[in-house]
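The block underneath contains the structure these notes are about, expressed in structure tokens.
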Amino acid sequence: MTKRAPESADDLLNAAGPALGKLRRSSLLDVENPISAKDLSRTLVLNIVLEAEQEEPEEPREITVGGIAAHLGTDPSVASRMVSDCIAAGYLVRAASQQDGRRTVLHLNEAGRDLMTRFRRHQRSAFEAITADWPTSERLEFARLLLKYVTSQDALRPTR
């Protein structure tokens, strides 16, 4: 069953939110470099740690379990269980903070970096499969606008 495309500006804007909610499901598509559903949920945590590690501020941003909870908008106990699962799976390690030795921070290990590399390749494969019949100009414009959307969303987040 094909859904009717939104006709008015209000219909289009009202449909955008639910459409964004469906985007993560594309990561489960059967394309190159498949990721298990369990590892897919782990990438939520691993991606936050990876992005912090890839930033180049004067003083690197350290990620704690509390930071994971704040970023995901979840209870600290939920974030703690998610982090513990990533550690048990062999993707994440705890370490003493270099800025405050009383704090424990999170780092990706080699297996975590490998999973995220595989996940990023999978995301690209899914994007290419989904947009395969799109003109190149539309595919690139959508990618550009999606990145612009995420940048604007990040700018609205409280400072961590």
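Worth a mention:
- You will find that of 133, 154, the residue that is surrounded by fewer than 10 Cβ atoms within 10 Å (Cβ to Cβ), more than 25 Å from residue 36 (Cα to Cα) and modelled with pLDDT under 95 is 154 and no other.
Each row is one residue, and each column tells you yes or no for (1) without any contact (Cβ under 8 Å) to a residue 40 or more places away in the chain; (2) within 27 Å of residue 38 (Cα to Cα).
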position: 53; (1), (2): no, yes
position: 67; (1), (2): no, yes
position: 87; (1), (2): yes, yes
position: 95; (1), (2): yes, yes
position: 98; (1), (2): yes, no
position: 108; (1), (2): no, yes
position: 124; (1), (2): yes, yes
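- In the set 102, 94, 144, only one residue is exposed (fewer than 13 other Cβ atoms within 10 Å of the Cβ), among the basic types (Lys, Arg) and over 18 Å from the mean Cα position of the chain (by Cα); that residue is 102.
- The listed residue being surrounded by 13 or more Cβ atoms within 10 Å (Cβ to Cβ), over 17 Å from the mean Cα position of the chain (by Cα) and modelled with pLDDT of 90 or more, out of 15, 89, 79, 69: 89
The values are calculated or read from the model by the stated rules, or taken from the named source; none is laboratory data. This is a predicted model, so every value here is computed, not measured. Here the Cβ is made from the backbone with ideal geometry for all residues, glycine too, and neighbour counts use every protein chain on show.
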